[in-house]
Amino acid sequence: MSPKLSNRPPKHANANFWRTEKAMLWTITKKQLLVNLLSYRFVVGFVLCQVLFVLATVILVRDYEERVKAHGEAVSRESKKLDEVKVYSDLARGMSVYKPPARLSPICMGFDKTFGNQAAFAYSRAPELEVGRQEKNALLVALRSLDLVTVIQLVLGLLVLLFAHDAVSGERERGTLALSMSGPLPRHIFLLGQYLGGMLTISAVFLVGIFFALLVMIRSASVQLGGSDWLRLGLIILVSLVYLSALYLLGVVTSILSKRSATALVILLFFWIVFIVIFPNLTSAVASKIKPVPARGLVAQQTANLRREFWTGIDQNARKTLPRPAHKWEFIAGRYVYGGDLPYPIRLGYAPREIMEWELEGLQRFLPLEIEYANRMHEVQAGYERQLHEQAATARFLARISPAWSYFNAVSGLAGTDAEAYTTFLAKARNYRLQVLNYLSSKDGLVSYRYFTRLEPSRFRTTAELELLQKQGDRLKQEMGKDWDSVPPLDLRDLPTFDHAPAPVATAVAGVLPDVVLLVFLNLALFLAAHVCFLRTDVRAGG
Amino acid sequence: MISDLLKKEILEHLLSLRLILAFVLVIALMLASSGLFVKDYEAQLSDYNLQVSENAEYVSKNVSSNVFELFSWGRQKIYRRPHPLGFLAEGREKDLPNSFRVNAFRLQGPDYSLRGNPLLGEFEFLDWSFTVGIVLSFVALLLASDGVNGEKQRGTLRLILSNPVPRARVLITKYLSTMILLTIPLVIGSILGLLVITASGRVPLGGQDWAKIGSIALISLLYLSVFVVLGLLLSTTLKDPQASLVVSLLLWVVLIIVIPSGAAITAKLLDQLPDQNAVSEQADRAFGEAVENHNRRYPHKDNWVMSGQWSPGESLERAVRAAEAEDRVLFDYDDQKVGQVRFGQELSRFSPAGLYQSAALSITGSGIVHYESFVRQSRRYREELKRFLETSYAFDKNYPNREGQDQISRGFKISYASLPKFEEQLLSVQEGWANAIWDAGLLALINVILFAATWALFVRYDAR
């Protein structure tokens, strides 16, 4: 490069100034790029990263396929269950909604590996924060996990620091820095060239890797990326570059400030280990200190107390004040099923009027009470969950100190695998439960005969009437009607459907904006710092 | 001479930036994690005690009222105790299931009584095995990776070898000095950490525990030694200290992060579990067959369909057989789940970090090892309950006696004291070593092989 420099005209014509400056910049960039590309670390790092990207994606996509399959099975099981609903209690007593695996989860698993994809609820129970239901084997939590973001965060992060640590100090040690500065080369051009050359190298490793990863991903039939997914993907790639650039600049600043590149490397490696590898452990520890949550056992105890209170009420009231009227078992037919010890039935095919009325009274007294207690228990749980959220928000806020973890926040937000995505799903499921309860009320299917029987009240007959029929031979059998198994299922076509669509891109972007802005700002600040430090640096070797 | 060389090596590194940073980091981490652990353990223990006493209350209330409630309809809750040595190797203790609902016929679960905050994300606790496994192994490579070629570059290697010192001795001193340097922060950190823990008075440590701590220290040294030798090997193989540093760092990332992380997901894909619903159906079938078999062998007019639990008017023998048949299927499935995790661990043994981690977990008896032992003990406890019921049941076990039910309920009195109770026992250090011996042996073997390779290369090394 020195011959080129010497070829330059000694004085700049004003019109040519920018062109030559651009030319200089390009020369420096090219030089840095070539130096990097021909280096040992590039060859080793490039090969390692490509192998990692491809291997990780192959495994992650297979895993994604499994999860999609499991999700499909669960959804079809649930819809089969809906097809067999014969009385409204079947619906009220238990439903599940499912969250499809995030389409970009192979890129960033985020919280998808922690939380389940199922929210189960009933009239008597609101969906709760549940862990590990998406995984067939929840014990796998004992092992570490891997996704592409981890590869970028850790491995590419390390590679960037390895490239950056001698960007300036290395040249100083070799004496080439003094040589470059002896020409008419402005320092900021040198710095910018150095930065561009380094970033081009890193981008080459990253983009080739992500290209291979995407090739593997789109080859799979299960991975169906829509327009918005590509947009998210583009943003993830962009944010990744911003992250890598911040690390590179950090490396350059350290390199300028350190006399020897070995020192710079040691400092950067310790930075890497503290701020990238062990940092989230520290922030969660600190967050648990700042915002402690009550012991889980206390919450469980409160819930258990409420439950006990409810059951004591049932025991004392139902059994004592609502004695079952005299009845004959032969007049009762069709799955007389009780909900545990609850004083009202789940399904009842046929019964005399007295029994029916008695059952309805039990239902009227206790089902609203049960819903009330469910809501009270849910309040306890929701209060606890709020505290968990506050703690997690504190940890997330603290994590922003490290570029690697604001990067993680941003990517998981964009991929739709952050904790927010799960809690939104949970909130939607809670809302859906209320919708279903409303639907049941609108169908008069909750606190009425329809909850447990298909027999119309106009057809109820008293025991005395039935006894008369019994004497007329077949008439009783006709009256009592069909067997439960042949009762047709209810028409649930107007049941509200659950909307499981992930948050739109705009919401996701708004959510991750603080993290992205922070990263961009960090880039600017570090570049400025690099510039200031480099202007004052002594370019001579061995100073 | 060897002591001179050793002194030189140690002094040369002792005041270097990397060692100072490493000292500060390791000691700070060990101290911080001990402090955090004490608080955490206290909270967990009070949670555990609360839940255990709640269960005891439930049992003592029901013991006199109804034999069916206690042995068949109701469920006691039994809990895994928090591990007092979680600061050594935590192994995601808190995220693993920690309780079962149990009676004489059923072991239901495993359940979580969630102790951590899942919204914080999945992070390993900063236990000591994490500090050693990740931070100190990193420092080991950092120190060793320019041990030979760095000296060559500076020219000091020639100087040393010009003295009448055997090459083997030079190599051994290099190795020993690095090991000593690594041991210093480990020892200081451990002593300070243990002081924090014992001074708090909240974590009682017994003889077993000290043996476990000692064993972990031993394995930690074995593990760190692998990285020291690896660093020396690379530094003998590669000419440029920069190159050997880069290669060793990238190798470190693969060994410490990539292999253990990839192992989990690979295990999940290679060792597929059957579907949960298929298993429940299979269990139901097994249950039904056992009931039918019994009904054929002991025909009786009251041999109805079985209620699914042992209820008044049902044969005890039949309920026991049915539960056993069902258990065989369900327990097998649960074992497969543990097996999948174990398989993941096997895969991670391709890296010394995996070997070290599983050895540390085995010896501490925490993480998945703890869970496994808890499951074993829970099953044994269910067996005990069943045997207790069978031996103290003074009525005909094969033929149900609908009329005599009141007599059974009234005549079957159990005292709370005589009822077997569940208390989880932690694994002993001997049991731990029985599991860890292979991991430790493999670590030692890797050491020997790498050292032999380094030695062979160093003997012929061109010091110029």
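Descriptive notes on the structure:
- Proximal lysines relative to A:Lys69, as straight alpha-carbon distance under 28 Å, when same-chain residues fewer than 8 apart are discounted: A:Lys80, A:Lys81, A:Lys99, A:Lys113, A:Lys136, A:Lys428, B:Lys268, B:Lys337
- Once backbone amide H atoms are built at 1.01 Å from N, B:Ala463 has no partners under 5 Å, excluding neighbours fewer than 5 places away on the same chain.
- Spatial separation of Cα centroids for the range B:134-165 and the range A:239-257, in angstrom: 30
- Residue list for the range A:413-439, given a label point 7 angstrom along the Cα-to-Cβ vector of A:Leu513 and an amide N cut-off under 13 Å: none
- The translational diffusion coefficient of chain A, from Stokes-Einstein at 37 °C and 0.692 mPa s with a Kirkwood hydrodynamic radius over alpha carbon pairs, comes to 115 µm²/s.
- C-alpha center-to-center spacing [the range B:226-257, the range B:13-38] in angstrom: 22
- Per residue of peptide B:243-250, the mean number of Cβ atoms on other chains within 10 Å of the residue Cβ is 6.
- Neighbours of B:Ala104, meaning other residues whose beta-carbon lies under 12 angstrom from its beta-carbon, give a summed charge of -1 when Lys and Arg score +1 and Asp and Glu score -1.
- When shorter helices are ignored and each DSSP H run of at least 4 residues is given -39500 (n - 2.57), the per-residue value for the protein assembly as shown at 222 nm works out to -22000 deg cm²/dmol.
- Under 14 Å, Cβ to Cβ, from B:Leu19 - net charge with Lys/Arg +1 and Asp/Glu -1: -2
- The string of couplings for the range B:451-462 from the Karplus curve (6.51, -1.76, 1.60, θ = phi - 60°) is 5, 4, 4, 4, 4, 4, 6, 6, 4, 9, 5, 8 Hz, one whole number per residue in order, with x for Gly and Pro.
- The angle between the Cα long axis of helix B:276-297 and the longest principal axis of the Cα atoms of chain B comes to about 40 degrees, rounded to the nearest 10.
- Hz values of 3J(HN,Hα) by residue in the range A:429-443 - Karplus curve (6.51, -1.76, 1.60), Gly and Pro given as x: 5, 5, 5, 5, 4, 5, 4, 5, 4, 4, 4, 4, 5, 5, 8
- Alpha-carbon spread of the range B:67-159, three principal axes, descending order, Å: 86, 27, 18
- When you count the other C-beta atoms within 10 angstrom of each residue and take the mean per peptide, A:40-50, A:99-109 line up highest first as A:99-109, A:40-50.
- A:Glu128 long-range amide H proximity, modeled H, under 5 Å: A:Ala120
- Crossing angle, helix B:316-348 versus chain B [Cα axis fit, 0-90 degrees, rounded to tens]: 10
- Dipole check for the range B:2-459: with +1 at the C-beta of Lys and Arg, -1 at the C-beta of Asp and Glu, and the Cα centre as origin, the magnitude is about 920 Debye.
- As a proxy for reagent exposure, ranking A:Met181, A:Met199 by other Cβ atoms within 10 Å from fewest up yields A:Met181, A:Met199.
- FRET efficiency, 1/(1 + (r/R0)^6) with R0 60 Å, evaluated for B:Leu445 and B:Arg297 via beta carbons: 0.60
- Size of charge dipole - chain A - debye, nearest 20, with Cβ of Lys, Arg +1 and Asp, Glu -1, no other charges: 1840
- Amide H within-cut-off set for A:Phe115, under 5 Å, with H built and near neighbours excluded: A:Gly132
- Chain B shape via C-alpha gyration tensor axes, a/c threshold 1.5: prolate
- D by Stokes-Einstein for the protein assembly as shown, Kirkwood Rh over Cα pairs, 20 °C, 1.002 mPa s: 66 µm²/s.
- Ordering of B:424-434, B:349-359, A:245-255, A:83-93 by burial proxy (mean other Cβ atoms within 10 Å per residue, highest first): A:245-255, B:349-359, A:83-93, B:424-434
- Calculated FRET efficiency for the pair B:Ala434/B:Val459, C-beta based, R₀ 35 Å, to 0.05: 0.35
- Per-residue Cβ neighbour rank within 10 angstrom, fewest leading, B:Thr266, A:Thr463: A:Thr463, B:Thr266
- Tilt relative to chain B, helix B:2-14 - C-alpha long axis, 0 to 90 degrees, to 10: 80
- Residues in the range B:208-219 carry Karplus couplings, in order, of 3, 5, 5, 4, 5, 4, x, 5, 5, 4, 4, 5 Hz; the curve used is 6.51 cos²θ - 1.76 cosθ + 1.60 with θ = phi - 60°, and Gly or Pro positions show x.
- Here the spin labels are modelled as points 7 Å beyond Cα on the Cα-Cβ line, and at A:Gln50 and B:Tyr416 they lie 7.2 nm apart.
- Note on B:264-276: average number of Cβ atoms from other chains within 10 Å of each residue's Cβ is 5.
- Spin-label pair B:Ala452/A:Glu173, simplified geometry with 7 Å Cα→Cβ offset, distance in nm: 3.6
- Spacing of the two label points (7 Å from each Cα toward its C-beta) at A:Glu390 and B:Lys61, in nm: 3.2
- Residue-count net charge about B:Gly354 - beta-carbon cut-off 11 Å; Lys, Arg +1, Asp, Glu -1: 0
Read the figures in this text as sums done on the coordinates, not as results from a lab. Everything numeric here is computed off the predicted structure, so don't read it as measured data. Backbone-built Cβ (ideal geometry, glycine too); neighbour counts: all protein chains shown.
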